[in-house]
Amino acid sequence: MKYKVTLNGKTYEVEVEQGKAVLLDEYEALAPAPAAAAAPVAAAAPVAAAPAAAPAAPVNLAAGETVTAPMPGNIIRVDVAQGDTVKAGQILIILEAMKMENEIVAPKDGTVAQVVTSKGSVVDTGAPLVVIA
């Protein structure tokens, strides 16, 4: 069987027979030609849009230490509220990224000055989550 494989901008034509692979040709990959517009499908079900990133609330950095998102993901749980007293290592937020739940913990003892995010929000790396005074 013959296969065309594109890897790192190069296309390789490979023939595989009885457990042996033979490279037939190698060349620069070309950008695919624009496909002709397909006719719209009648009565297509509407697709639910992913939740947009929540608009950032003003963060008063002078109020304390800002806990930021270590990676992009979805906020699935917020365990603190403004005014709560927290201990170092206490779970503040659960961030889902790549189907894994990541615990975002308090870096120090203090009081929650502001909760910047909310459950269901989509955050990027470095987005402020909580401010601890």
Being of a type in the set (A, V, I, L, M) and touching a residue at least 40 places away in the same chain (Cβ under 8 Å) narrows Ala97, Ala63, Ala81 down to just Ala63
The residue that is farthest from the chain's Cα centre (by Cα), considering only those in region 74-105 that are assigned to a strand (DSSP E or B) and loosely packed, with under 13 Cβ neighbours inside 10 Å, is Thr85
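Out of region 105-123, which residues are of a type in the set (A, V, I, L, M) and under 12 Å from Gln82 (Cβ atoms)?
Residues satisfying the conditions are Val112, Ala113, Val115, Val116.
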Reported set for region 106-120 where residues are surrounded by fewer than 14 Cβ atoms within 10 Å (Cβ to Cβ) and within 20 Å of Ala133 (Cα to Cα) is Lys108, Asp109, Ser118
Only one of (1) over 12 Å from Val67 (Cα atoms); (2) without any contact (Cβ under 8 Å) to a residue 24 or more places away in the chain does not apply to Ile91, and that is (1)
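Readers should treat all values here as calculations from the given coordinates under stated rules, not as data from a laboratory. Note that the structure is a prediction, hence the values are computed from the model and not measured. Note that each Cβ is placed from the backbone with ideal geometry, even for glycine, and that neighbours are counted across all protein chains shown.
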